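Asks: Below you'll find the structure I mean.
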Amino acid sequence: MNIRALFHLLALSLLATRLQAADINIVEPEAVGFSTDRLAKVTEFVEREIANENLVGTVTLVARHGKVVHFEAAGRYGLEDERPMETDALFRIFSMTKPITTVAAMILYEEGAFHLGDPVAKYVPELANMQLLIDGEPVSPQSPMTIEQLMTHTAGLTNGWHIEHPVERAYRDATLYQSADLHTFIDKLATLPLRFEPGTRYHYSVATEVLGALVERLSGQTLEQFFYTRIFKPLAMHDTFFNVPDDKMPRMAGSHLWNPEQQAMGPLPAGLLPPPSGITLFSGGAGLISTAQDYWRFCEMLRQGGSLDGARILGPKTVQAMTMARLTPEVRDNGASEHPASHLYPGQSFGLGAGVITDPAQAGVVSSKGEYSWGGIANTKFWIDPEEDLVVVFMTQVMDSPHSDRHRFDLKVATYQALSDLGISGSD
């Protein structure tokens, strides 16, 4: 056997190993109402953004009726890692952790552990005495924050991002994310003021961290343990972690930060992110690392009404309740004035753990009513479209990118323009 033939054999062997690892059968797009030729625009979008140095490496996945029609890696692992990106690469998903934490809480809700309208302090009593800060003076809120408000970011909490306000500075100075665990996180949070009267305003916050602490209190497990036993193991999500195993560490995609002065990406400076292992603070709002395939399986569970491959995680009525728009117009519009810091787009409200499209005509991009989605700060994104029976997952690693919203819109256009049949129902 000559050298060329040997390399060809090794390449085929590697490809077979990757395909086996992916365990995804890609179907002809026409079988589920897509055009193969037009779906190529998803690849073109990614390759264009990589060529323009707005992205480094990506994995994209598009599925309809539970059938994957597009699953591709592009670019490389990082600016300092020339290896070609692979479909099983691991990405920090940041706020795409939030829907998983909400599902965890809803598992306990279905078991009768709490009601949505229960005060948070009933189960996390450390937070019972949180006060509003009005003109520098502590004032008791008119009503306590509820568990549903944690899920909808209307609990009155904040995150320390807008430090021109004294409450925001207090959250920043409390170094909540340097806590050893969620118990310490809650102890620190209990010393801080509320930012708003609970229930009056949508405001993106640390609420999902509190929800994760609630899961720990009610289950008697750490959030890491609960995720594994109740969600990841049943759904065969073998590559989703707070702590990445040593043997999977080489699959971690590099993290990047946009430099606004240079208008370019650079490697994220060391020390700005927690390490990918040795973690004991299980952040329900931002802590997970995952793959496109694993997150697709999580989305597929939701698309199918709470079950996947015989594993029932939630009842279909619970999933339906989670994906209803729950903000009143007044509460939504109060927070929407912060756009884009609110993370709500025009025509979008919020359900339990995810944004929900209420008016596609106002969304600024082709969308469907009832579509639900979220993204992470490193430009990862997903959406689930019940009308088109569609799931899309996009993985990359660029923080603070000015192109993040445009990438979401470009990917949606590239995906939806490839549909040849609308609103058809298919078998799972």
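The values are calculated or read from the model by the stated rules, or taken from the named source; none is laboratory data. Source: prediction; values computed, not measured. Backbone-built Cβ (ideal geometry, glycine too); neighbour counts: all protein chains shown.
Here's the yes/no breakdown for (1) closer than 22 Å to Arg297 by Cβ; (2) at pLDDT 95 or above; (3) not acidic (Asp, Glu):
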site: Arg4; (1), (2), (3): no, no, yes
site: Gln20; (1), (2), (3): yes, no, yes
site: Ile26; (1), (2), (3): yes, yes, yes
site: Ser35; (1), (2), (3): no, yes, yes
site: Ala40; (1), (2), (3): no, yes, yes
site: Glu49; (1), (2), (3): no, yes, no
site: Asn54; (1), (2), (3): no, yes, yes
site: Ala73; (1), (2), (3): yes, yes, yes
site: Glu86; (1), (2), (3): yes, yes, no
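Asks: Still on this structure, please answer the following. Within region 175-192, can you find the residues that are under 21 Å from Ser140 (Cβ atoms) and touching a Ser or Thr at 6+ places or on another chain (Cβ under 7 Å)?
Replies: The one that is under 21 Å from Ser140 (Cβ atoms) and touching a Ser or Thr at 6+ places or on another chain (Cβ under 7 Å): Lys188.
Asks: Using the structure shown, decide if Tyr171 is of a type in the set (Phe, Trp, Tyr) and in contact (Cβ under 8 Å) with a residue 40 or more places away in the chain.
Replies: The answer is no for Tyr171.
Asks: If I go through region 333-372 residue by residue, how many of them are modelled with pLDDT of 95 or more, touching a Phe, Trp or Tyr at 6+ places or on another chain (Cβ under 9 Å) and within 23 Å of Gly156 (Cβ to Cβ)?
Replies: Matching residues across region 333-372 total 7.
Asks: Output the residues belonging to region 391-418 that are out of contact with any Gly (no Cβ under 9 Å at 6 or more places or on another chain), within 13 Å of Thr380 (Cα to Cα) and basic (Lys, Arg).
Replies: Arg406
Asks: Does Val356 satisfy the condition of being touching a helix residue (DSSP H, G or I) at 6+ places or on another chain (Cβ under 8 Å), touching a residue at least 12 places away in the same chain (Cβ under 8 Å) and buried (at least 20 other Cβ atoms within 10 Å of the Cβ)?
Replies: no
Asks: Output the qualifying pairs, or none if there are none: Cβ atoms under 7 angstrom, residues six or more apart or on different chains, first residue in region 374-394 and aromatic (Phe, Trp, Tyr), second residue part of a loop (DSSP other than H, G, I, E, B).
Replies: Correct list of pairs: Trp374/Ala354; Trp383/Glu371; Phe394/Thr380.
Asks: Would you point out which residue out of Gly287, Gly266 is within 30 Å of Pro84 (Cα to Cα), crowded, with 18+ Cβ neighbours inside 10 Å and of a type in the set (Gly, Ala, Ser)?
Replies: The unique qualifying residue is Gly287.
Asks: OK, next. Inside region 226-275, can you point out the residues that are among the hydroxyl-bearing types (Ser, Thr, Tyr) and more than 29 Å from Glu49 (Cα to Cα)? I'd like the intermediate steps shown before the answer.
Replies: The first filter runs over region 226-275 and keeps only residues among the hydroxyl-bearing types (Ser, Thr, Tyr), leaving 228-229, 240, 255.
Answer for region 226-275, where residues must be among the hydroxyl-bearing types (Ser, Thr, Tyr) and more than 29 Å from Glu49 (Cα to Cα): Tyr228, Thr229.
Asks: Report every pair of residues separated by at least 6 positions or lying on different chains whose Cβ atoms are under 6 Å apart, first residue within region 58-85 and closer than 15 Å to His256 by Cβ and free of Cβ contacts under 8 Å to residues at least 60 places away in the same chain, second part of a strand (DSSP E or B) and among the acidic types (Asp, Glu).
Replies: Cβ pairs passing all conditions: Arg76/Glu82.
Asks: Do we find that Val42 is touching a residue at least 40 places away in the same chain (Cβ under 8 Å), over 23 Å from Leu257 (Cβ atoms) and among the aliphatic types (A, V, I, L, M) in this structure?
Replies: Yes: the conditions hold for Val42.
Asks: So, one more: Those residues that are within 20 Å of the chain's Cα centre (by Cα) and surrounded by fewer than 20 Cβ atoms within 10 Å (Cβ to Cβ), I need them from region 46-67; list them, please.
Replies: Correct list: Gly66 only.
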